[in-house]
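Right, one structure below, let's go through it.
The values are calculated or read from the model by the stated rules, or taken from the named source; none is laboratory data. These figures come from a predicted structure and were not determined experimentally. Cβ coordinates were reconstructed from backbone atoms using ideal geometry, including for glycine residues, and neighbour counts include every protein chain displayed.
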Amino acid sequence: MRSVLRPDPVVRALQGAFCRDAAPGQLLRIAAERMHAAGPPYASVRMFLRAGEGMTFAAGAGPEPEAARGPDLAVPIARRDEVLGRIEVAGNAPGRFDESETGAVREIADALAVLL
């Protein structure tokens, strides 16, 4: 099955912004906005960066997810063994994050790991 999210245009936008000296927060905002713009099931996208031993919110798109409900999909932004951050996605349709969607988000996370 083909994913709703097309990672290639998002990665190209990130690479272009990086070439224009975009700051890490700008790169994360671009990724969050483009992922959210893919439409359902991407109801809310949140980006976190490592801060010491924890993670801190860095960018997001879409409504704030319900506090009692965790993300439907969480993918680390990692370079080798170092975790740089995390992408969290809350969906508006249960069970919609299959392997194709997870793979698309991983491609974006991998691109961010190189660019951050």
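Specify which of the listed residues (72, 110) is acidic (Asp, Glu) and either more than 12 Å from the chain's Cα centre (by Cα) or more than 18 Å from residue 8 (Cα to Cα) (or both).
Of 72, 110, the one residue that is acidic (Asp, Glu) and either more than 12 Å from the chain's Cα centre (by Cα) or more than 18 Å from residue 8 (Cα to Cα) (or both) is 72.
Residues that are modelled with pLDDT of 95 or more, farther than 18 Å from residue 115 by Cα and within 12 Å of the chain's Cα centre (by Cα): does segment 10-32 have at least one?
No.
Out of 63, 76, which single residue is surrounded by fewer than 19 Cβ atoms within 10 Å (Cβ to Cβ), modelled with pLDDT under 95 and touching a strand residue (DSSP E or B) at 6+ places or on another chain (Cβ under 7 Å)?
Going through 63, 76 in turn, the sole match is 63.
Yes/no matrix, rows are residues, columns are (1) in a loop (DSSP other than H, G, I, E, B); (2) within 26 Å of residue 99 (Cβ to Cβ):
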site: 26; (1), (2): no, no
site: 35; (1), (2): no, yes
site: 59; (1), (2): no, yes
site: 71; (1), (2): yes, yes
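So which of 93, 23, 37, 104 ends up being surrounded by fewer than 15 Cβ atoms within 10 Å (Cβ to Cβ), in contact (Cβ under 8 Å) with a residue 40 or more places away in the chain and of a type in the set (A, V, I, L, M)?
On the way: 23 fails: in contact (Cβ under 8 Å) with a residue 40 or more places away in the chain; 37 fails: in contact (Cβ under 8 Å) with a residue 40 or more places away in the chain; 104 fails: surrounded by fewer than 15 Cβ atoms within 10 Å (Cβ to Cβ).
The match here is 93.
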